[in-house]
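What follows is a set of notes on a single structure, which appears directly below.
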Amino acid sequence: MRISKSALITGAAIALLATGTIMTSSAGAQTTTKTYVACNRYDECWKVREQYKNYPTDERIVIHDDTWYESHQHDSQWHWLSDRADDHGWYDKDGAWHAFSEAPPNH
C-alpha cells in the first residue's frame with residue numbers, strides 16, 4: 001500500500017487540530033471554585049470556601065453566596081476583613097479571629 005506525502009501531512013494536520021481542540025475544550029471545562037461570604041452581626045465580612053454550620057449561635061454569623069458579594073462589595077455598610085487561608089472560624093467585634101475548636105463537619 002502506498003500513501004502519498006500529502007495524505008500524511010493532511011492526516012498529521014488534522015491530528016494536531018483535533019488535539020488542540022480537545023486541549024482547549026478541557027481547559028475551558030475547568031470549574032471555578034465557589035466562594036461564600038460570612039458576615040458577623042457587626043457588619044464585618046470575609047470570604048470562606050464552605051458554608052460552615054458550626055459558628056456559635058450568639059455570634060449570629062450569616063452566610064451569603066458569591067452573587068451577594070458581587071452586589072455588596074463596595075457598600076459602605078460592610079467592613080471587609082482579611083480572608084483567612086484557614087477559614088475554619090470567625091471574627092468577633094474586635095476583629096480577633098477565633099478558630100473552631102474542632103474540625104468543621106462536612107456540609
* To do: Grab the Cα-Cα distance for residue 78 and residue 58, subtract it from 0.36 nm times how many residues apart they are, and report the gain in nm with one decimal.
  => 5.2 nm
* To do: Order by neighbour count: 57, 35, fewest other Cβ atoms within 10 Å first, most last.
  => 57, 35
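Quick note: the coordinates plus some simple rules give every number you see, no bench work behind them. Bear in mind that the values here come from a model prediction, so they are computed numbers and not experimental data. FYI the Cβ positions are ideal-geometry reconstructions off the backbone, even for glycines, and counts take in every protein chain you see.
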